[in-house]
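Notes follow the structure.
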Amino acid sequence: MVKFVDSELEQLKREIDQMWTLVYNQIEQARDAVMRLDRTVAQQIMVRERRVDAFELKIDSDVEDFIALFTPVAVDLRFVLAILKINGDLERIGDYADGIARFIRDTDMEVLDQTLLERLQLENMFSRVLTMLGELQKALRDEDAALATVVLSQDELLDQINRDSTSILSDYAKSHPDAIPFCLGLGGVFRKLERTGDHLTNIAEEIVFYIDAKVLKHNELSETNASR
C-alpha cells in the first residue's frame with residue numbers, strides 16, 4: 001500500500017511539473033508575441049491554452065481521487081492540498097498568457113515604439129515573472145522552502161512597474177491619439193503580469209505550507225494588527 005501511495009504522489013508531481021513547464025512556455029511566448037508583435041506566436045499560445053485547461057482538469061481529478069482513496073494525513077495531505085491550489089494558480093497564469101495573445105492578435109499596431117517599451121520596462125517585467133516561475137518550479141521539485149520564500153520578496157517590483165506604466169501610457173496616448181486603443185490594450189498586459197505575480201506569491205506560500213507546515217498567507221495583515 002505504501003509503495004502504491006508513493007507511486008501516486010510521484011505521478012502527481014510529474015503532472016504538476018509538466019503543467020508548470022507548459023505555462024512557463026506560454027508566458028515566455030507571450031513575451032515574444034508582445035515584444036515582436038508576432039501574431040503567429042500569439043495564435044500558437046491560444047491553441048495551447050486548451051492543453052493548459054486539460055491539465056488543470058486532470059490534476060484536479062487525480063487529487064480528488066487520491067484524497068478519496070487514501071485519506072492522506074500530515075505531509076501527504078499538505079502536499080495534495082498544495083498541489084490542488086497551485087494547479088488553479090497555474091491555470092489562471094495560463095489564462096493571462098492567452099489574454100495577452102488575444103490582444104496581440106487583435107491589435108492594429110504594426111510597429112512598436114522601442115523608446116516607449118524601454119520606459120515601460122515591459123521586457124524586465126516579463127523576465128521577472130519568468131524568473132519567479134522558474135525558481136518556484138525548482139523550489140517544488142527540490143522541496144526548498146527557503147527558495148520559495150525568496151520569491152515572495154520579488155513581487156514588489158512587478159507592482160511598481162505596473163503602477164508606473166499607467167502614467168507613462170497615459171502621457172503617450174495624449175501625444176499619440178492614434179495609439180490610444182493600443183495603449184489601453186498594453187495597459188491590460190501590465191495588469192495581467194501584475195496579477196500573475198500575485199498568483200506566484202500564492203504558489204510560493206503553498207510550497208512553504210507543504211514543506212514546513214507554515215501558513216504565510218495574511219502574515220502581513222497579522223503583523224500590522226499586532227503593532228496597533
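Output the residues belonging to segment 67-84 that are of a type outside the set (Phe, Trp, Tyr) and surrounded by 16 or more Cβ atoms within 10 Å (Cβ to Cβ).
Passing the criteria: Pro72, Asp76, Arg78, Val80, Leu81, Ala82, Ile83, Leu84.
For segment 54-66, give me the residue count where each residue is under 11 Å from Gly88 (Cα atoms) and exposed (fewer than 14 other Cβ atoms within 10 Å of the Cβ).
Qualifying residue count for the region: 1.
Which members of segment 147-175 meet the condition of being touching a residue at least 24 places away in the same chain (Cβ under 8 Å) and of a type outside the set (S, T, N, Q)?
Ala148, Val151, Leu152, Asp155, Leu157, Leu158, Asp159, Ile161, Asp164, Ile168, Leu169, Tyr172
Of the numbered conditions (1) charged (D, E, K, R); (2) assigned to a helix (DSSP H, G or I); (3) surrounded by fewer than 19 Cβ atoms within 10 Å (Cβ to Cβ), Glu91 fails exactly one; give the number of that condition.
Evaluating Glu91 over (1) charged (D, E, K, R); (2) assigned to a helix (DSSP H, G or I); (3) surrounded by fewer than 19 Cβ atoms within 10 Å (Cβ to Cβ) leaves (3) as the failure.
If a residue must be surrounded by 20 or more Cβ atoms within 10 Å (Cβ to Cβ) and either over 19 Å from Met109 (Cβ atoms) or free of Cβ contacts under 8 Å to residues at least 12 places away in the same chain (or both), how many such residues does segment 176-197 contain?
3
I'm told Gln137 meets every condition in (1) under 14 Å from the mean Cα position of the chain (by Cα); (2) over 28 Å from Glu206 (Cβ atoms); (3) of a type in the set (S, T, N, Q) except one. Can you identify the failing condition by its number?
Unmet for Gln137, out of (1) under 14 Å from the mean Cα position of the chain (by Cα); (2) over 28 Å from Glu206 (Cβ atoms); (3) of a type in the set (S, T, N, Q): (2).
If you check Glu10, Glu49, Glu28, which single one turns out to be at pLDDT below 95 and assigned to a helix (DSSP H, G or I)?
Of Glu10, Glu49, Glu28, the one residue that is at pLDDT below 95 and assigned to a helix (DSSP H, G or I) is Glu10.
Which one of these does Arg102 not meet: (1) more than 18 Å from Asn25 (Cβ to Cβ); (2) more than 11 Å from the chain's Cα centre (by Cα); (3) assigned to a helix (DSSP H, G or I)?
The number of the failed condition is (1).
For a quick check of your reading of the model, give me the residue pairs whose first member lies in segment 62-91 and is among the basic types (Lys, Arg), whose second is surrounded by 17 or more Cβ atoms within 10 Å (Cβ to Cβ), with beta-carbon atoms closer than 6 Å and at least 6 apart or on different chains.
So the pair list comes out as Arg78/Tyr210; Lys85/Glu206.
May I ask you to list the residues in segment 105-132 that are among the aliphatic types (A, V, I, L, M) and either outside any helix (DSSP H, G or I) or touching a Lys or Arg at 6+ places or on another chain (Cβ under 8 Å) (or both)?
Met109, Val111, Leu112, Leu130
The values are calculated or read from the model by the stated rules, or taken from the named source; none is laboratory data. Just so you know, these numbers come straight off a predicted model, no measurement behind them. Here the Cβ is made from the backbone with ideal geometry for all residues, glycine too, and neighbour counts use every protein chain on show.
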